[in-house]
Amino acid sequence: MNENLREQLVLLPEYFQGHLVLTLIALSLGIVISIPLGVWAAQSAVVRRPLLTTVSVIQTFPSVAILALVVALLGGQIGLLPAIIALVLYSMLPIVRNTVTGLETVAEKVVEAARGIGMSSVQILTKVRLPLALPVIIAGIRTATVWTVGLATLSTLVGATSFGNFIFTGLQTRNLVSVTVGSIAAALMAVALDSLIGGIQWLAENRNQNGTEKKYTQVKYAVIVALILGVSFSAYSLLPEPEADFVVGGKPFTEQYIMAGLITAELEAAGFSVDQRLGIGTEVVYTAIANGSVDVYVEYSGTIWANIMNNNNNPGRDVVLSGVTEYVKDSDNLINIGALGFQNMYALAMRRDRAAELGINTIEDLIPVARDLVAAGDMEFFGRPEWLTLRDSYSIDFAEKLTFDPTLMYTAVNDGQVDLIAAYTSDGRVGAYDLLILEDPRNAMLPYDGVLLASANATQNPVFMEKMEALVNTISDDEMRQANRIVDVDGGSISEAVAYLQSVIR
């Protein structure tokens, strides 16, 4: 078996457990909340339109935005809770709408007949309308199930374990095996759960049919066994587990996966148990460490200076680093253990032959030709203070500014689809694609020292501090670039890149 595939399959049970628990809890809560709301809406014209409008509007929100809003409303809490809340909100529309539709399609003659034999309104609802509407309601639940399984992959972005761990890690590290395993696993889970609910729907539709007794019994017992197994597994998964000594955080790109792996390896070598929360955005992971959900992660001085402190000036590398260290301590009681030795700055980069063709070596050289060029950045760059400062400092703009996933951004410039990109200076693909980093004579780009940011609670442990301080000033720009290249260019694993850095710091 391929070693890469073996590594992914080793992770499958943990990710399967996380994804299934997320899906079943969110779907169960969605059903419990949505069906009563649908019944209420079907019986009240005053409620129907506002309710259906509300759940429809929720569905129009991008799922990532819903996750971010839930995390913010929970004070930066990450993990299972915000993921479940977001998934419940997304599951509501098909269940509510199908409940209303199913109840409204019950023939009025049947309702009148029930009323004529003396049934109360409650009896008509529970014994006539709901049973007749059940197939339509279950069809809505089936739709919600497939949506929930798919959207649960995004829970990785808020620190909850799911098949999204395969997908996001694979996308960032160009590991198609990881992406494929995660995608297939999610698809199989969706099919399995849809088939299970389809069995329940078949039972509801055929409960009084003659000639199907044997099949009905077989399907009933199969459904019961599947439900018992699913509920039991979910309950078992929710049992309290031994709490990890430390939680290591990380953002969604290769360098962060590598550094989180290095920190984890060093702490585990010292005998600590470690949990990881990877693939989390800047605002979420910073809030998480401030509230104690994460103990340590690698941050960048420029990110805190611009994004957290909201500064738009560049006083120089030393001033930025000291200002960041003071700010995180005073504002959030966080400790900057120290700079790791490398920077991961933004820098404009072009393919060397394209730069030579246009006679460009510095950003100043772009001034007369920028409006004829197509530029690309990552998901953040053109909304960040660095871009605004660069634009204003050099009085330049581009014909088009495209946004890419970092992996696709480098491929785009290498293939000539764009003229230049906002590259990362520690990225191994800069050298592999022979990109020219344009000099910045007006000092528009902020410094981005990689620093070890830790919670005050974690730094109280002397062994933790000893292991973390041993990493300070041990990794150069070239060494970090080589570690990134092992994964992004050579197709190696995160563990191989970690092993390389361990050889560097020894």
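All of the numbers you see were taken from the coordinates with simple rules; none came from a lab. The structure presented is a predicted model; accordingly, all values stated were derived computationally and were not measured. All Cβ positions, even for glycine, are placed from backbone atoms using ideal geometry, and neighbour counts span all protein chains on display.
Between T411 and T101, the modelled labels are 3.7 nm apart [label points 7 Å from Cα along Cα→Cβ].
Fewest-first ordering of S503, S301 by other beta carbons within 10 Å of each residue's beta carbon gives S503, S301. Across the chain, the relative contact order, built from alpha-carbon pairs under 8 Å that are at least six residues apart, equals 15 percent.
Counting 0.36 nm for each residue step from V46 to V122 and taking away their Cα separation leaves a gain of 25.4 nm. I need the shape label for region 3-237. Rule: rounded when a/c is under 1.5, else prolate if a/b > b/c, else oblate, with a, b, c from the alpha carbon gyration tensor. Because a/c hits 1.5 or more and a/b fails to exceed b/c, region 3-237 counts as oblate. Along the Cα-to-Cβ line of I228, 7 Å from the Cα, sits a label point; which residues in region 178-201 have backbone N less than 20 Å from it? The answer is 193, 196-201, whose backbone nitrogens lie closer than 20 Å to the label point. Lys pairs in the chain, Cα-Cα under 25 Å, at least 8 apart or on separate chains: how many? Total qualifying Lys-Lys pairs in the chain comes to 7. Counting neighbouring Cβ atoms within 10 Å and putting the fewest first, the residues T161, T60 line up as T60, T161.
By DSSP, the beta bridges lying fully in region 346-437 are antiparallel in about 55 percent of cases. Highest mean packing comes first when the peptides 99-111, 80-92, 282-294 are listed by Cβ atoms within 10 Å, giving 80-92, 282-294, 99-111.
If the segment from E243 to L12 were pulled out straight at 0.36 nm per residue, it would be longer than the present Cα-Cα gap by 81.0 nm. Of S455, S393, S195, S44, the sequence from fewest to most neighbouring Cβ atoms within 10 angstrom is S44, S195, S393, S455. Segment D397..N291, full-extension length gain: 34.2 nm, with 0.36 nm per residue of separation and the alpha-carbon distance subtracted.
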